[in-house]
Amino acid sequence: MTEPLNDPAKLVPRSLAGRATQALLALADQADRKKTEVERNAISIACNRAEALTVRLTKCSDIDAELVARGVAHTRPAIPTHVTRSITNLRRVATQATDPSQDLTERLRTGAVQDSLSSAETIAKNFEQSLQKAGNAEQKHLRPDGIDQPIATMPGSESLQVRISRIQAAWSHPFTGPIEQLPAAVDGWRQHASDWEDIQHELTRRLASLPPEIKTFIEAAASDAGAPWSLVTATVREWLDTDGRGDGYGVRKW
């Protein structure tokens, strides 16, 4: 007698077994996908961090070369001994990363990789600070003598006064801009220092062309104490009353 093909007693167990097998395969596939996603995220985080550090270190190296080309004294930061060990450990991790038996995620999150990245961050930070220090030292070195002292000005020298104010502003505070702007800042300070000398020569020339009484008055007016009333002679008064020259001066009483 032929056994019925649709016997429920025989179909149900096979159906349950098939479903269980499919469920287990689906769970395994899901677990594999989850593990792959976790590894992908760990790899992405490590790579992004390493790439950012590479950009910082490359930028520092380029700026260092530009400062050297400009003759700016710069002491590079010393590389700690443990950094050499970090490089060796990082190479070992890179070699072991191709071994399927190794847990890649854990290796990227802890141990040699993180130590190496931390070391690179320390080097980048120290490098940036050393460049900043070199820039501030160069700014101080280039600072013209007497830049904070009152400058004798006279009517008709407004353009010179604008240049003087711009140059004084360049030394009013230390450099705090982005590190990549440091070479250009050095060039600017050097140009300002050169302009300052030219301005001093021009002011000296203009003062020398004036009558002695007027020259004495202008120099005294530029001082902190100002010019005493006794220096406002008839010659000085006539000069001040001509072409509105007196508009640039004020009178005060102590």
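The values are calculated or read from the model by the stated rules, or taken from the named source; none is laboratory data. Everything numeric in this text was worked out from a predicted model, so none of it was measured. Note: ideal-geometry Cβ built from the backbone for every residue, glycine included; neighbour counts use all protein chains shown. For accessibility, only protein heavy atoms count, side chains too; no ligands or nucleic acids. Shrake-Rupley method; radii C 1.70, N 1.55, O 1.52, S 1.80 Å.
Could you please report the charge total around residue 214, scoring K, R as +1 and D, E as -1 over all other residues with beta-carbon less than 13 angstrom from its beta-carbon?
With Lys, Arg at +1 and Asp, Glu at -1, the net is 0.
Below 8 Å between Cα atoms, with a sequence gap of 6+, how large is the relative contact order for the stretch 111-215 in percent?
Over the stretch 111-215, the number comes to 34 percent.
Accessible area of residue 115, 1.4 Å probe, to the nearest 10 Å²?
Result for residue 115: roughly 90 Å² accessible.
Compute the signed sum of charges (Lys and Arg +1, Asp and Glu -1) over the other residues within less than 10 Å, Cβ to Cβ, of residue 239.
That works out to -2.
Determine how large the accessible area of residue 148 is when every protein chain is in place; take a 1.4 Å probe and give Å² rounded to the nearest 10.
Answer for residue 148: close to 120 Å² accessible.
List, in order, the whole-Hz ³J(HN,Hα) value for each residue of the stretch 206-214 obtained from phi through the Karplus relation with A = 6.51, B = -1.76, C = 1.60 and θ = phi - 60°; use x for Gly and Pro.
Values per residue, Gly and Pro as x: 5, 5, 5, 7, 8, x, x, 4, 5 Hz.
As a test question: what accessible area, to the nearest 10 Å², does residue 217 have when a 1.4 Å probe is rolled over all protein chains in place?
The value for residue 217 is about 10 Å².
Normalised by the residues of the stretch 192-247, what does the relative contact order come to in percent, with Cα pairs under 8 Å and at least six apart?
24
Local charge sum around residue 59 (other residues, Cβ-Cβ under 15 Å, Lys/Arg +1, Asp/Glu -1)?
Numbers: positive: 56, 76, 125; negative: 51, 62, 64, 66, 121, 128, 180.
Cβ neighbours under 15 Å give a net charge of -4.
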